[in-house]
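A short write-up of the structure that comes next.
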Amino acid sequence: MIVNDTNIKVDSVSFTYNNGSIFQKQALQDISFEINNKDILGICGNTGSGKSTLIRLLNRLIKPDSGFVKINDVDLSEIKDPMEIRRKVGIIFQYPDNQLFESSVKKELVYGPLNFGFKKREALSQARDSLNRTGLDYHKYKNRNPFSLSGGEKRKVAIASILSSRPEVIIFDEPTAGLDSNSRDNLIELIFSLKKEGRMIIIISHDSRFIDKVCDKLLVLSKSKQVYFGDREEFFSRFDKSTIDDVGIELPFEYKVLRADREKNSIKKIKEFINKKHV
Amino acid sequence: MFDGIVLGQYIPGESFLHRLNPITKIVFCLFFMIVFLFIEDIFQLLTLFAFVIICFFISSLPLLHVLKGLKTIIFFLLITFVMHLFFSKEGVVLFEYSFIVITSKGLYNAILIFLRIFSIIMLNSILTLTTMPTDIAWAIEKLLYPLRLFRFPVEDFALMLSLSLRFIPVLFEELNKIIDSQRSRGAMFDSPSFVKKIMAFPPILIPLFVNSFQRAEEIAIAMETRCYSGSKRTHLNIIRPGLIDVLFFITFVSVALISFYLF
Ligand SMILES: Nc1ncnc2c1ncn2[C@@H]1O[C@H](COP(=O)(O)OP(=O)(O)O)[C@@H](O)[C@H]1O
Ligand SMILES: [Mg+2]
């Protein structure tokens, strides 16, 4: 259980890959937002809009060219040891295949905690709790070879291998891609229980229905620029429709109905207004 | 971590060398590589080196970028240069200070070796940087055609080659992602300790290999379901030699001949 508040502040951050070479590519331009652990943040945008780059900054896998990232008011670029940041901020990357390498699920789960200096006993008990939380039975799976698992099981092991380090901030990169609706519901439950413990949750996703269910705040990126930051509900119900289409977000059904109704109503009101004048 | 690698990276452009037929470029490269290996005269070498430099500028490739990408190779070349300089004891002594002795023969050999290898590397860089990997594979396939007489599976070989070339960038991208995943789980790849460096290999290499084997299997299945058979493969883009290829051929043969006559 985390008692204190966690907050992240990103201020006018820009980042360019391969700066100064001909393969130079600007991935983020002037991004600013602020979030705390009372709200779940969703990040949306087309592929290539800079979402993954942004979360790499939060883990100090890369450093911003300008602007700063602060966690609990401490500037990440001023922290000497990046391990300190990575222990606090866990990222669950999109493809479990890019991280699984140990010969057993158990070893895979304690890899992070041991790197971060947890004692072996602590690491093991955290590994057990984490795997059980994802819905896989630890005692059944601990000696299995990660490579022999199904896609869904691999993903759960990957999630547990991050949770086992007990990070304060947990970032999911496209967690729903390729999940059936049952596992999706389980994931949503897991996310809410993590939030209840006081952990900050950030989710990258294309899936607007998932975002609508889970997130409170929304950051929308398009072509490396920030298009929107604010309330999720506000975005879906009021934000300019053509821009939403441009960034490749499909409005959830309820909001389509809501918008259509509002339009009808306003047309009705205008008609009434005109009629009144003529009477 | 692996940013700035130039080797095998095509840089799009509109230059004369970009438009040249890949077969011409490969033959030219091979020919000059052999010539460079056999030349023993420094003036002949300098002429050809100048020609390589001219080619480089015609290609409008960014010099600094290419040199940056070659910096490791250049570093080893410089070591070779220094070794030759200090360890040759023949010829007239040019410079002497305690145990350091530089002789005329040593200097001559050092320059010769340096120019020779550097030219070959530059030639190859020009080839790979101005030619799309798929075009290189295509050209190699054409050049190997005669081997079919000896039942060498040229088409399969060419497909293997183009698939490998095609997946080099994918592999690097994946490598970056794997390194990120492990670093965010607390792996330290930049630790100065030797033991820690060795320990860092399995977390990177195992996912990389597993993914590559998986991909290879998927490609094999995809090819089989679409009835791949080596000998009946057709090409989407057919490249024909043009006037510029003929001109280029004439130029480089004459340059080679002239340099041999002159010296
Ligand atoms: N390691 C890298 N080197 C160079 N360019 C990169 C690298 N990673 C991403 N990019 C580029 O940066 C941009 C943003 O990428 P990314 O953050 O991965 O987007 P997203 O996650 O939204 O799909 C893209 O144009 C991508 O091609
Ligand atoms: Mg991404």
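Values in this text are rule-based calculations from the coordinates and carry no lab data. Predicted model, so just to flag it, every value in this text is computed and none were measured. Note that each Cβ is placed from the backbone with ideal geometry, even for glycine, and that neighbours are counted across all protein chains shown.
Run the reach check for A:Lys277 against lysines, Cα to Cα strictly under 28 Å, same-chain hits fewer than 8 apart removed. What comes back?
A:Lys264, A:Lys268, A:Lys269
Normalised by the residues of chain A, what does the relative contact order come to in percent, with Cα pairs under 8 Å and at least six apart?
In percent, rounded to a whole number, it is 24.
Provide a whole-number value for the mean count of partner chain Cβ atoms within 10 Å of the Cβ atoms in peptide A:97-108.
Working: counts 9, 13, 11, 5, 12, 3, 2, 0, 0, 0, 0, 1.
Whole-number average of other-chain Cβ neighbours for A:97-108 is 5.
With springs connecting C-alpha atoms under 10 Å apart, model chain A as a Gaussian network and identify which of A:Ser161, A:Ser193, A:Ser150 has the largest mean-square fluctuation.
Checking each option, the largest mean-square fluctuation is seen for A:Ser150.
Could you give the longest part of chain A that holds none of the GluC sites (Glu not before Pro) found in DSSP loops with at most 14 neighbouring Cβ atoms within 10 Å?
My reading of the result: A:1-196 is the longest stretch.
Restricting to Cα pairs below 8 Å that are 6+ residues apart, what does the relative contact order work out to for the range A:1-160? Please round to a whole percent. Walk me through the numbers on the way to the answer.
Values: 202 pairs, mean separation 30.1, N = 160.
Worked out over the range A:1-160, it gives 19 percent.
Using a cut-off of 15 Å between alpha-carbon atoms, which aspartates and glutamates can reach A:Lys196, once sequence neighbours fewer than 8 places away in the same chain are excluded?
Within reach: A:Asp5, A:Asp39, A:Glu168, A:Asp216.
Under 23 Å between C-alpha atoms is the cut-off here; go through the range B:22-262 and count lysine pairs that meet it, provided they're at least eight residues apart or on different chains. Can you show the working numbers first?
Numbers: B:Lys25/B:Lys142; B:Lys71/B:Lys197; B:Lys89/B:Lys105; B:Lys142/B:Lys232; B:Lys177/B:Lys196; B:Lys177/B:Lys197.
Lysine pairs satisfying the spacing and distance rule in the range B:22-262 number 6.
Could you pull out the trypsin sites (Lys or Arg not before Pro) across the range A:101-178 that fall in loop regions by DSSP (anything but H, G, I, E, B) with no more than 10 other Cβ atoms inside 10 Å?
Sites meeting the loop and neighbour criteria: A:Lys119.
Projected onto the charge dipole of the range B:22-262 (+1 at Lys/Arg Cβ, -1 at Asp/Glu Cβ, origin at the Cα centre), which of B:Phe114, B:Leu127, B:Val154 gives the Cα projection farthest towards the positive end?
The residue sitting most towards the positive pole is B:Val154.
With angles folded into 0 to 90 degrees, how steeply does helix A:151-163 sit against the dominant principal axis of chain A? Use alpha carbons for both and round to 10.
Helix A:151-163 sits roughly 80 degrees off the main axis of chain A.
At A:Leu258 and A:Phe147, where each label point lies 7 Å from the Cα along Cα→Cβ, what is the point-to-point distance in nanometres?
With each label placed 7 Å out from Cα toward Cβ, I get 4.9 nm.
To the nearest whole percent, what portion of all C-alpha pairs in the protein assembly as shown is separated by more than 31 angstrom?
Tail of P(r) above 31 Å: 62 percent of Cα pairs.
Once every DSSP H run of n ≥ 4 in chain A is given -39500 (n - 2.57) and the sum is divided by its residues, what mean residue ellipticity at 222 nm do you get, rounded to the nearest 500 deg cm²/dmol?
It comes out at -13000 deg cm²/dmol, rounded to the nearest 500.
Suppose the chain between B:Lys142 and B:Thr72 were pulled fully straight at 0.36 nm per residue; how much longer would it get relative to their current alpha carbon spacing?
21.9 nm
Can you pick out the pairs among A:Lys120/A:Lys140; A:Lys88/A:Lys140; A:Lys119/A:Lys154; A:Lys80/A:Lys195; A:Lys80/A:Lys106; A:Lys63/A:Lys120 whose Cα atoms lie more than 22 Å from each other?
A:Lys88/A:Lys140; A:Lys119/A:Lys154; A:Lys80/A:Lys195; A:Lys80/A:Lys106; A:Lys63/A:Lys120
When the distances between all Cα atoms of the range B:22-262 are binned every 5 Å from zero, what whole-number percent does each bin get?
That works out to 1, 5, 9, 11, 12, 12, 12, 12, 10, 8, 5, 2, 1, 0, 0, in percent per bin.
Relative contact order, percent, of the range A:107-166 when contacts are C-alpha pairs under 8 Å separated by at least 6 residues?
52 percent
Please give every one of the aspartates and glutamates within straight-line cross-link reach of A:Lys225, meaning a C-alpha to C-alpha distance under 17 Å, and leave out same-chain neighbours fewer than 8 residues apart.
Within the straight-line limit of under 17 Å, A:Lys225 reaches these aspartates and glutamates: A:Asp11, A:Asp30, A:Glu34, A:Asp65, A:Asp240, A:Asp245, A:Asp246.
If you place +1 on the Cβ of every Lys and Arg, -1 on the Cβ of every Asp and Glu, and leave all else neutral, what size is the dipole of the protein assembly as shown about its Cα centre, to the nearest 20 Debye?
Details: 68 positive and 57 negative charges, 199 e Å.
The dipole magnitude comes to about 960 debye.
Set the Förster distance to 22 Å, then compute FRET efficiency between B:Ala50 and B:Tyr108 from the Cβ-Cβ distance, nearest 0.05.
Details: r = 18 Å, r/R0 = 0.84.
My answer for the efficiency is 0.75.
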